[in-house]
Amino acid sequence: MKKSQLFKQRLFRVHIAAGVTFSLIMYLSLFFGVFAIMLPYIKNWEKPSRHLQTVNITSVDYNSMIDEVFKDPNFPQDNALVNLPGRMNDPMVTISHRFVQPIAFNPLTGEKVEDESRKKSDLANFLNELHYGAPLNFIGRLSFGFVAVGTMVLIITGLVLIYLFNFNNQGKNQQAIFSKIHVKVFTWLFVPFFLIVLSGAVMNVGLISSSVMSKILTKGEANAIDGVVGKVLFSQKAPIKKENEETKMLPLSQLITKAQEINPNLTFKQVKLINWNDKTARVEIIGYNPYKPFLNGGVFNLPSVTLSAVNEELIENKKVLDNSWPVFVAETIFFLHFLFGIDIFSRVIVALMMVLCCIAIGFGVMLWLEKKAKKFDSKIPFYHWMGKLSLASMLGVIPATATLFLLQWSLPFDLEDRVLWQKGIFYNVWLFTLFWSFYRINSYKAAKEFLFISGVFFILSSLFHYIYLKTTPIALVENSMTNIFGVDFTLVIFGLILIYVAKVLPKNRENAKIFWPKKEKKVIK
């Protein structure tokens with residue numbers, strides 16, 4: 001009996017210690033991960049050139065665009081890629097190659113479009129990089145990866161503790177309510193949370209260590225993972241020998257229509273041009289099968305229809321299940337994290353689940369801090385450094401992120417080093433929240449200020465967007481730009497929620513002691 005009790009106590013202490021250690025980084029990863037889930041939509045929202053209505057992929061004159069690009073002798077023509085409108089929600093047609101910058105075209109007019117470079121607009125990519133620690137380079141990615149591993153340990157120990165302890169959740173004080181929210185959320189969401197964290201750990205820690213492991217496994221012959229598993233995951237096809245006989249190409253839109261007839265289950269996203277303008281020319285039309293999620297459409301398993309560009313002859317119909325099981329395993333890991341091909345409804349569901357996990361982590365930290373603060377009741381004001389750091393990290397990051405969105409449309413696009421200014425102001429605002437957290441004795445008041453300012457900034461970012469475009473929400477909807485309007489709508493709703501929360505939260509710790517029990521009683525009724 002004593003051994004069992006001792007085991008429970010030690011496991012509980014390990015869970016608390018690991019939770020306090022990993023909570024801040026895990027929270028930040030989840031917080032920016034919510035924005036990363038909406039990456040395709042934010043990418044189009046942040047760039048004026050992407051404010052176009054969606055078109056049918058079979059109604060575009062791709063051949064004239066390809067001919068214009070191939071007039072440049074410096075543009076490699078072998079295995080060039082044509083990204084179709086709608087890929088990653090991008091309304092543009094882009095023609096690219098691994099050795100050159102992609103060239104964008106307006107699918108409605110066929111005109112070449114000046115694409116905003118990452119020096120002018122990099123909001124979505126920056127939010128995604130913050131998600132996995134890329135701004136800190138190797139140290140950041142490694143730290144975030146190991147925190148993901150530590151979080152899996154937390155999930156497992158938490159489940160064991162729930163099984164061992166009888167959490168009846170009958171307590172009505174502040175600590176009991178914090179504990180109830182923390183336990184309940186992770187009890188409901190531990191499966192998707194664990195899978196997403198697991199895939200993140202594999203990508204961060206696994207890919208970082210892949211170079212060393214590849215050298216060990218191949219005795220120094222391979223310097224990267226591609227040299228070990230590349231032939232399995234990326235099957236190499238023998239190059240098609242050209243006959244050097246120039247031939248007129250069929251319209252690419254016609255070939256896409258033919259591919260849709262051959263495999264109607266695929267949603268086509270990209271076309272690979274092979275030996276274009278030669279008698280041996282063919283097109284590999286790559287797509288995604290939404291009826292077989294987790295198994296295709298991401299990095300490794302790309303179903304496709306290959307046709308002759310001369311006579312529409314079917315050369316290969318590569319289906320989802322034509323690959324080997326290692327490809328499916330690798331594809332599933334990446335799918336769990338990147339959510340390739342899924343619709344906006346599914347993305348919103350996953351994003352909301354991750355928001356709840358952020359809230360649960362926050363309540364876990366608050367529970368630990370409340371237990372610390374209880375020792376100082378009626379003695380001196382509680383002023384714990386971890387509380388201030390948590391306040392700046394978990395809530396201070398919100399106004400800093402809101403500033404990023406606000407600056408996206410308030411900074412001139414022709415400003416020199418525009419993205420550098422945007423990122424620099426973001427870091428300074430975030431750093432200022434740390435200073436303000438320590439300056440304010442009353443953390444509750446600082447939290448309310450952070451949330452209110454964040455709400456105002458998110459709403460203003462949407463307003464500035466419309467001022468810059470000289471348009472209205474109704475005009476966006478009427479012009480079939482609902483994806484752009486959706487981002488503005490979400491920012492406004494999120495801003496209003498933050499303002500409301502800032503208004504209803506308690507002003508000090510004394511009020512908080514009765515605030516949470518009151519809210520709990522209202523929910524029960």
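The values are calculated or read from the model by the stated rules, or taken from the named source; none is laboratory data. It should be emphasised that the depicted structure is a prediction, and the values quoted were computed from it without experimental measurement. With ideal geometry, Cβ positions are generated from the backbone for all residues, glycine too; neighbour counts draw on all protein chains shown. Heads up: the accessible areas ignore ligands, DNA and RNA and are worked out on the full protein's heavy atoms, side chains in. Shrake-Rupley method; radii C 1.70, N 1.55, O 1.52, S 1.80 Å.
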Q. How large, in Å, is the chain by the Kirkwood hydrodynamic radius built from its alpha-carbon pairs?
A. 26.0
Q | Out-of-range pairs (alpha-carbon distance over 21 Å; input K112/K241; K180/K371; K242/K272; K445/K503) | A | K112/K241
Q: Roll a 1.4 angstrom probe over the protein heavy atoms and tell me the percent of accessible area of segment 376-524 that is carbon or sulfur.
A: 71
Q: Please work out the average accessible area per residue across the chain, using the 1.4 Å probe convention, and give it in Å².
A: 53
(Q) When the expected Rg is taken as 2.2 N^0.38 Å, what fraction or multiple of it is the alpha-carbon Rg of segment 425-478? (A) 1.60
Q) Let a ≥ b ≥ c be the square roots of the eigenvalues of the Cα gyration tensor of segment 1-100; is it rounded (a/c under 1.5), or, if not, prolate (a/b larger than b/c) or oblate? A) prolate
Q) Order of 295-306, 460-471 by packing, highest average Cβ count within 10 Å first? A) 295-306, 460-471
Q: Working with all protein chains in place, sort M26, M366 by solvent-accessible area computed with a 1.4 Å probe, largest first.
A: M366, M26
